[in-house]
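Novice: Can you keep this structure in mind? I'll have questions shortly.
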Amino acid sequence: MAPAPFAQESGDLWLPGAWRESTPEFRKVAAFGGVYSNHLALASALEDARERGTEAVICLGDLGAFGPNPDRTADLIRENGLPVVRGNYDDSVARGLEDCQCGYTDPKDNHYARISYEYTLANTAAEHRRWMGTFPPVLRFTVGGRRVLAFHGSPRRMNEFLWETTTPTHFLDGLARDHGAEVLLGTHTGIPWSRALSTGGSYVNAGALGRPANDGRTEVWYVILEATDVGVEHTFVPVAYDYEGLATEMEEEGLPAEFAETIRTGWWTTCLEVLPGKERARGRW
Amino acid sequence: MARVELEVLESPQLTGPEASPSVPLEALDELWFQVSGTVCNLRCNHCFISCSPENHSFWFMTRETVRRALEDSVELGVKEYYFTGGEPFMNRDMEGILRDVLRIGPASVLTNATLIPPRRAQALAAIAESSPYTLELRVSLDGVTREMNDAIRGAGAFDRCMQGVEELVRVGFLPIITCMRSWPEDRTERYLEGFRELLAGVGYDRPRLKIIPPLLMGEEARRSRAYEETERVTHEMLHGFDLSELLCTRARLVTARGVYACPILLDYPSARLGSTLAEAASVSAPLSESACFTCYVNGAICSNTSSSQGGDR
């Protein structure tokens, strides 16, 4: 894969602020979020994105959580020189906070979130934690000249949930207007979805690479943005990977059996209380 | 970090209720409607605004009044719509109102579920089905047994509520069962288990449960205890506090007569912030009431879990 024109060194591109002359321009980029330590899916997705001829791959944050051996994911992202937007997990791990800032308020959600967070924090190398502290809250680039704003939860709050069934179009229109963006690109909720904005642009939620989308499929998701004559087209890409290998590795690491079950079945088993009714009803649990 | 750092408006007075801090609206994320006023078919002895069949201090909102507020809400960027009372389904326009709101965004109805016969459950399912947005039914149930619930909500409330829940589940809803904690905190897990068993009995095998702390006001002040004079939010308490925890930094309540800071403070003139939404959105909300202390301590308990703001502390 060709190196991304924005490397870690090109400091000012990482800063939130006005769109610049130097904002990187692409024709075709891949983006993913919520790796949750799923280094096997990450490796498969990077290979897939390369084969599809993307010019850059952008990570929307949350390298750790849920899965095993978080350093394997961090190593892979650093080896490939991928730009990363700061997710709530990255922020918590970098700063050694008490919790993952996922915003769970239900005791059952918090029980599993705590197991996941404590494991990830304890197993992330100090060097990786320092590196995570450098992730910017947003990234700006253009695709075919259209302005894309990449963030983790929302442009205004790193851990804001933007679910498909709780996010009005007029709310997204307002975010796009406030930030001068034509495409809003985020993650955090773990289920891919998109919405055409009234202004002609779009909101795209890349879903998560680390955990299936609560749809009974074992594949995980990333998204490709591509310039067309009329705008930016997005395609959600399912990633088949060695999920059995990951589930086994999770078990070897002593992570909860419920986590491995999700990887094997494609149905979420934990952290469910945060789902809106419609999304929850589509799942099994 | 997206912590909301708002400037807390200092009041010039140093004593009396004016000494309370005020907080401006950061963003109007939640728009609440007192859609059935203070009119309810039940008279629960923990109701923080003492709703009953005879309490007409706030009357029903018309579909047209709601529709006008919905139109205004688009420009203000509202994210979620909540409907409360009283009992929202006492409002004969309720189904039409839900059709209107679900065209533009998600709706949550705070109901006692005693007025949900099969026909209404089916109508609600059809309304939800036709929208890309979620329709959440938040059902108040205050006990795991008939005796426990009806001691608070009145004779017959338990059976009718359970029938309503059964109908809702039958047509595909996953209602959020909301219960005021009337027990010591360390027994919560036991009660949650009790609710799971109870609800499984009517076919609700993956219940969504929301336990809320008691609000020591209205009828509940008489039932348990009122707030102490010291239980108030002070300027000092807000230093370093994430103000987005307070509902009034991201919500307003529209009623048939005026717009309020939040749904809890309906009985307090200090919380009436204007006659229009635009007016009420432009002024700060005073944290002068004891109920503001509950919001300070517990976070904004009124919001749904799916829109929680609690992870940023």
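The values are calculated or read from the model by the stated rules, or taken from the named source; none is laboratory data. Everything numeric in this text was worked out from a predicted model, so none of it was measured. Virtual Cβ from ideal backbone geometry, glycine too; neighbours counted across all protein chains shown. Areas reflect the complete protein model, heavy atoms only, side chains present, ligands, DNA and RNA absent. Shrake-Rupley method; radii C 1.70, N 1.55, O 1.52, S 1.80 Å.
Novice: May I ask you to say which residue of B:ALA155, B:ALA126, B:ALA121 is without any contact (Cβ under 8 Å) to a residue 12 or more places away in the chain and closer than 20 Å to B:GLY96 by Cβ?
Specialist: B:ALA126
Novice: (1) open to solvent by less than 30 Å² (accessible area, probe 1.4 Å); (2) under 14 Å from A:GLY34 (Cα atoms): which one isn't true of A:ILE191, the others all being true?
Specialist: (1)
Novice: Among the residues of the range A:269-285, write down those that are more than 7 Å from every other protein chain (Cβ to nearest Cβ) and free of Cβ contacts under 8 Å to residues at least 60 places away in the same chain.
Specialist: Selection gives A:THR269 alone.
Novice: Of everything in the range A:51-81, what is under 13 Å from the mean Cα position of the chain (by Cα) and in a loop (DSSP other than H, G, I, E, B)? Give them in sequence order.
Specialist: A:LEU60, A:GLY61, A:ASP62, A:LEU63, A:GLY64, A:ALA65
Novice: Can you pull out the residues in the range A:224-240 that are closer than 18 Å to A:ALA43 by Cβ and either open to solvent by less than 70 Å² (accessible area, probe 1.4 Å) or within 14 Å of the chain's Cα centre (by Cα) (or both)?
Specialist: A:ILE224, A:VAL237, A:PRO238, A:VAL239
Novice: Answer yes if at least one residue in the range B:30-40 is open to solvent by less than 40 Å² (accessible area, probe 1.4 Å), modelled with pLDDT of 75 or more and within 14 Å of chain A (Cβ to nearest Cβ), and no otherwise.
Specialist: Within the range B:30-40 (the criterion being open to solvent by less than 40 Å² (accessible area, probe 1.4 Å), modelled with pLDDT of 75 or more and within 14 Å of chain A (Cβ to nearest Cβ)), the answer is yes, since at least one residue qualifies.
Novice: While we're on this one: Among the residues of the range A:144-158 satisfying the criterion of being free of Cβ contacts under 8 Å to residues at least 40 places away in the same chain and open to solvent by 20 Å² or more (accessible area, probe 1.4 Å), which is farthest from the other protein chains (Cβ to nearest Cβ)?
Specialist: Result: A:PRO155.
Novice: Can you say whether B:TYR296 is hydroxyl-bearing (Ser, Thr, Tyr) and outside any loop (DSSP other than H, G, I, E, B), as far as the supplied structure shows?
Specialist: So B:TYR296 fits the description; yes.
Novice: Moving on to the next point. Search the range A:75-98 for residues being more than 13 Å from chain B (Cβ to nearest Cβ) and free of Cβ contacts under 8 Å to residues at least 60 places away in the same chain, and hand back the single one that is most open to solvent (accessible area, probe 1.4 Å).
Specialist: The selected residue is A:GLU79.
Novice: Considering only the range B:96-132, state which residues are of a type in the set (Ser, Thr, Tyr), away from every other protein chain (no Cβ under 11 Å) and open to solvent by less than 10 Å² (accessible area, probe 1.4 Å).
Specialist: The one that is of a type in the set (Ser, Thr, Tyr), away from every other protein chain (no Cβ under 11 Å) and open to solvent by less than 10 Å² (accessible area, probe 1.4 Å): B:THR111.
Novice: Applying the selection to the range A:99-122, what residues are away from chain B (no Cβ under 12 Å) and either assigned to a loop (DSSP other than H, G, I, E, B) or among the aliphatic types (A, V, I, L, M) (or both)?
Specialist: Answer for the range A:99-122, where residues must be away from chain B (no Cβ under 12 Å) and either assigned to a loop (DSSP other than H, G, I, E, B) or among the aliphatic types (A, V, I, L, M) (or both): A:ILE115, A:LEU121, A:ALA122.
Novice: If you don't mind, another one. Considering every residue within the range B:67-75, establish whether at least one is touching a Phe, Trp or Tyr at 6+ places or on another chain (Cβ under 6 Å) and within 14 Å of chain A (Cβ to nearest Cβ).
Specialist: For the range B:67-75, residues touching a Phe, Trp or Tyr at 6+ places or on another chain (Cβ under 6 Å) and within 14 Å of chain A (Cβ to nearest Cβ): absent.
Novice: Shifting gears a bit: Applying the selection to the range A:40-74, what residues are without any contact (Cβ under 8 Å) to a residue 40 or more places away in the chain and under 17 Å from A:GLU249 (Cα atoms)?
Specialist: A:ARG72, A:THR73
Novice: Contact list please: Cβ distance under 6 Å, first residue in the range B:285-302 and in contact (Cβ under 8 Å) with a residue 40 or more places away in the chain, second residue among the polar types (S, T, N, Q), pairs at least six apart or on different chains.
Specialist: Note: pairs meeting the criteria are B:PRO286/B:SER20; B:PRO286/B:SER22; B:PRO286/B:SER270; B:LEU287/B:SER20; B:SER288/B:SER20; B:SER288/B:SER270.
Novice: Moving to a separate point now. Go through the range A:163-197 and give me each residue that's within 16 Å of A:GLY277 (Cβ to Cβ) and more than 9 Å from chain B (Cβ to nearest Cβ).
Specialist: Listed by number, the residues that qualify are A:THR189, A:ILE191, A:TRP193.
Novice: Is the range B:212-228 home to any residue that is under 23 Å from A:VAL274 (Cβ atoms) and either within 14 Å of chain A (Cβ to nearest Cβ) or part of a loop (DSSP other than H, G, I, E, B) (or both)? Outline the logic, then answer.
Specialist: Taking the range B:212-228 and keeping what is under 23 Å from A:VAL274 (Cβ atoms), we get B:212-213.
After this cut, where a residue has to be either within 14 Å of chain A (Cβ to nearest Cβ) or part of a loop (DSSP other than H, G, I, E, B) (or both) as well, the list is B:212-213.
Among the residues of the range B:212-228, at least one is under 23 Å from A:VAL274 (Cβ atoms) and either within 14 Å of chain A (Cβ to nearest Cβ) or part of a loop (DSSP other than H, G, I, E, B) (or both), which makes the answer yes.
Novice: Take B:ALA285 and tell me if it is within 20 Å of B:MET61 (Cα to Cα) and modelled with pLDDT of 90 or more.
Specialist: no
Novice: Another one. I need a count of the residues in the range A:123-143 that are in a loop (DSSP other than H, G, I, E, B) and either surrounded by fewer than 19 Cβ atoms within 10 Å (Cβ to Cβ) or charged (D, E, K, R) (or both).
Specialist: 5
Novice: Can you work out which of the residues in the range B:179-205 that are within 12 Å of chain A (Cβ to nearest Cβ) and open to solvent by 50 Å² or more (accessible area, probe 1.4 Å) is farthest from B:ASP267 (Cα to Cα)?
Specialist: B:ASP205
Novice: If B:TYR81 meets every condition in (1) within 14 Å of another protein chain (Cβ to nearest Cβ); (2) open to solvent by 30 Å² or more (accessible area, probe 1.4 Å) apart from one, which number is that one?
Specialist: Just one mismatch for B:TYR81, condition (2).
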